[in-house]
Amino acid sequence: MVRTMRTNGIASVAVVLLVGAGLGQAVAQDANSPFEGMREGVPTSRDNAIVDEWIEAKLDRLRTALADPQADVHKYRKAFLSAITKEYSDARNSVDFKGKLADRVSEAFRVELTKTAEARNINVSRAVAQALVELKSARTREAALAGLAVSDQVVRYLSAKALMEAREGIAADARLAGATLEQIGDLGKVEVNGVVRGMLYRAASYENYVAEAVPAVLKIIDGRLEALRTGAVEWDRAELFACQYLDSLELDSVLKAEVVRRFAPLLRIHTVGYGNAGLTTDERWIIQETIDACESLLAKVVAPNRAPQVSSKMQAGGDSASIEMQLELIKWIGTKDEAGILNGAPWNVERGAP
């Protein structure tokens with residue numbers, strides 16, 4: 001079941017504002033392109049050197065401009081993006097030239113994004129990551145994956161979005177798709193920001209590689225569960241994207257069991273959290289939406305004769321809602337003294353879904 005998601009609070013607003021600053025088109029900085037005469041054919045080693053020199057010049061101009069604390073960041077990022085996307089999208093580009101340009105841009109951007117924090121200008125990194133989004137090319141995946149390891153959450157968000165935008169191209173190569181999904185899972189497992197994690201779920205939502213994509217999604221959920229169990233996290237809506245993707249699939253029995261073993265504890269943690277005192281209005285909405293999505297997915301995957309109704313008790317409200325929700329939860333996950341639907345084969349969820 002597809003659920004409507006509310007805005008992810010202050011964190012979303014912050015990311016949207018920062019990302020929005022890099023959008024838009026501008027007049028190219030250079031009147032004449034250095035690529036005239038080489039666009040139509042297969043790039044030579046000399047052509048490659050010209051491309052590399054051009055990319056480095058653009059980066060150096062951006063670095064120099066943004067080294068000034070008073071610089072108009074939006075202006076220089078906009079000009080940088082315009083220069084890159086204008087050359088890449090030129091209708092005269094041959095397939096070979098466009099691919100080579102993407103390759104060289106990706107390598108230069110990968111180097112930029114893997115610099116130490118001390119050597120990196122964060123506004124340059126954000127401009128580079130935004131350019132990866134605009135290019136929508138599978139050939140920039142290495143740079144985007146590098147961006148997922150950057151400490152700045154805006155760079156990570158943009159890098160995840162770049163991978164999402166490049167899914168179609170990546171999916172054309174089974175080996176590349178499998179490797180990309182494995183890396184998204186590994187990097188997503190340690191992602192602490194909900195907005196970034198939500199985009200990573202979307203980046204991993206491949207329709208044609210379910211056997212590789214679902215484990216990547218579940219790996220990200222494993223990281224979220226580990227964080228939730230420590231109690232040192234904020235509530236967020238990221239897992240709604242995972243629910244939407246998994247709900248759209250026809251899973252085999254093995255993957256069904258793996259999904260259930262993640263979403264049972266996720267449902268428990270949010271159901272218990274619903275009873276916490278002092279929740280903000282937004283936090284309560286987050287928990288409600290996650291409970292609804294998790295239980296709907298469990299009901300679809302497990303298909304019990306009579307599914308428990310945690311969500312229905314929540315929606316009914318009332319002073320006893322939290323208690324009634326937990327009683328319904330027990331029907332799913334059991335207790336040490338009583339088995340629930342999910343404790344037996346083939347689900348084999350530990351009693352209480354710790």
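The values are calculated or read from the model by the stated rules, or taken from the named source; none is laboratory data. All values reported here derive from a predicted model rather than from experimental measurement. Using ideal geometry, Cβ is built from the backbone for each residue, glycine included, and neighbour counts are taken over all protein chains shown.
Scanning for something surrounded by fewer than 22 Cβ atoms within 10 Å (Cβ to Cβ), at pLDDT 95 or above and among the charged types (D, E, K, R), does segment 286-298 turn up at least one residue? Checked segment 286-298: at least one residue is surrounded by fewer than 22 Cβ atoms within 10 Å (Cβ to Cβ), at pLDDT 95 or above and among the charged types (D, E, K, R).
Pairing each residue of segment 300-311 that is on the phi < 0 side of the Ramachandran plot with any residue that is at pLDDT below 95 and hydrophobic (A, V, I, L, M, F, W, C), provided the two are 6+ apart or on different chains, yields C-beta distances under 8 Å for Lys300/Met1. On the stretch given as segment 138-163, residues that are out of contact with any Ser or Thr (no Cβ under 8 Å at 6 or more places or on another chain) and farther than 17 Å from Glu112 by Cα total 2. Of the residues Gly147, Gly185, Gly194, Gly169, which is more than 14 Å from the chain's Cα centre (by Cα) and at pLDDT 95 or above? Testing whether each residue is more than 14 Å from the chain's Cα centre (by Cα) and at pLDDT 95 or above leaves just Gly169. Can you pull out every residue in segment 326-351 that is assigned to a helix (DSSP H, G or I) and either farther than 19 Å from Arg262 by Cα or at pLDDT below 95 (or both)? The answer is Leu327, and nothing else. Looking only at segment 54-62, decide whether some residue is in a helix (DSSP H, G or I), of a type in the set (D, E, K, R) and under 21 Å from Val154 (Cα atoms). Within segment 54-62, not a single residue is in a helix (DSSP H, G or I), of a type in the set (D, E, K, R) and under 21 Å from Val154 (Cα atoms).
Pairs meeting the criteria (first residue in segment 30-56 and closer than 15 Å to Ala102 by Cα, second residue part of a loop (DSSP other than H, G, I, E, B), beta carbons under 6 Å, at least 6 apart or on different chains) are Arg39/Arg92; Arg39/Asn93; Asp47/Met38; Ile50/Pro34; Trp54/Pro34.
Contact list please: Cβ distance under 7 Å, first residue in segment 92-103 and without any contact (Cβ under 8 Å) to a residue 40 or more places away in the chain, second residue part of a loop (DSSP other than H, G, I, E, B), pairs at least six apart or on different chains. Pairs that qualify, where the first residue is without any contact (Cβ under 8 Å) to a residue 40 or more places away in the chain and the partner is part of a loop (DSSP other than H, G, I, E, B), are Ala102/Ser137.
Among the candidates Asp319, Asp337, Asp252, Asp247, the residue that is touching a residue at least 12 places away in the same chain (Cβ under 8 Å) and of a type in the set (Asp, Glu) is uniquely Asp247.
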